[in-house]
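Only one structure is covered here, and it is reproduced in the block below.
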Amino acid sequence: MEERPLTAFILSLLGGLFVVVGTGLGFVLYSSSPYGYVSELTGILVGVSIAFGILMLTMTMLLYRRPELHVAWGVTILVFASASITSVFSGYGGLGLGVVGMVLGIVGGAMAIAWRPGMGVLGMGAHSGAYRVCLTCGRMAPFGYAFCPFCGAPAPVVNPPSPGPPPPR
């Protein structure tokens with residue numbers, strides 16, 4: 001099974017959903033209230049905010065489908081999440097969900113950029129046990145391998161210290 005940036009995926013997905021739902025619901029409630037005056041600018045900001053939320057969701061799905069391009073997807077998620085600040089100006093402040101979605105999208109995008117495959121410790125399967133850090137790629141690899149399973153670099157040879165003379169009594 002291929003490793004994926006699940007934490008970044010979940011945070012970005014929730015962020016995109018919060019931006020879309022918060023902006024849409026805030027606009028509907030604002031426009032139906034007796035004090036809500038819907039100007040042309042408010043309608044444009046709602047459309048732009050929902051478009052940013054949908055683009056965030058699209059990039060999040062691409063992050064899940066193609067994790068090898070995690071930096072590109074993370075940057076675009078980060079940009080669209082930052083731009084979704086327009087949800088604040090679209091009726092009742094996007095019910096606060098727009099801001100929460102923006103923050104979740106920013107954190108998820110940053111985590112997608114910083115994610116590296118192989119950084120998580122493998123599960124309790126056949127390879128469970130002691131791990132070492134590969135000196136070439138920096139990922140965690142089990143001791144049982146003569147070569148790093150991620151980059152192919154030879155594992156360093158570790159000689160245990162000699163027992164030496166017994167301690168005096």
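The values are calculated or read from the model by the stated rules, or taken from the named source; none is laboratory data. Predicted model, so just to flag it, every value in this text is computed and none were measured. Positions of Cβ are backbone-derived with ideal geometry, glycine not excepted, and every protein chain shown enters the neighbour counts.
So, in the range 133-148, of the ones that are among the aliphatic types (A, V, I, L, M), in contact (Cβ under 8 Å) with a residue 12 or more places away in the chain and part of a strand (DSSP E or B), which residue ends up farthest from GLY118 (Cα to Cα)? Show your work before the answer.
Applying the first criterion (among the aliphatic types (A, V, I, L, M)) to the range 133-148 yields 133, 135, 140-141, 146.
Then drop every residue that is not in contact (Cβ under 8 Å) with a residue 12 or more places away in the chain, which leaves 135, 140-141.
Remaining after also requiring part of a strand (DSSP E or B): 140-141.
On the way: MET140: 7, ALA141: 8 Å.
Filtering the range 133-148 for residues that are among the aliphatic types (A, V, I, L, M), in contact (Cβ under 8 Å) with a residue 12 or more places away in the chain and part of a strand (DSSP E or B), the one farthest from GLY118 (Cα to Cα) comes out as ALA141.
All of (1) closer than 16 Å to LEU6 by Cα; (2) buried (at least 18 other Cβ atoms within 10 Å of the Cβ) hold for LEU95 with one exception: (1). Report whether or not GLY53 is assigned by TED's automatic domain parsing to the domain that holds MET102, within 30 Å of the chain's Cα centre (by Cα), surrounded by fewer than 18 Cβ atoms within 10 Å (Cβ to Cβ) and at pLDDT 90 or above. For GLY53, the condition - assigned by TED's automatic domain parsing to the domain that holds MET102, within 30 Å of the chain's Cα centre (by Cα), surrounded by fewer than 18 Cβ atoms within 10 Å (Cβ to Cβ) and at pLDDT 90 or above - is not met. Of everything listed in (1) surrounded by fewer than 19 Cβ atoms within 10 Å (Cβ to Cβ); (2) touching a Leu at 6+ places or on another chain (Cβ under 8 Å); (3) within 30 Å of PRO149 (Cβ to Cβ), the single unmet condition for ALA72 is (2).
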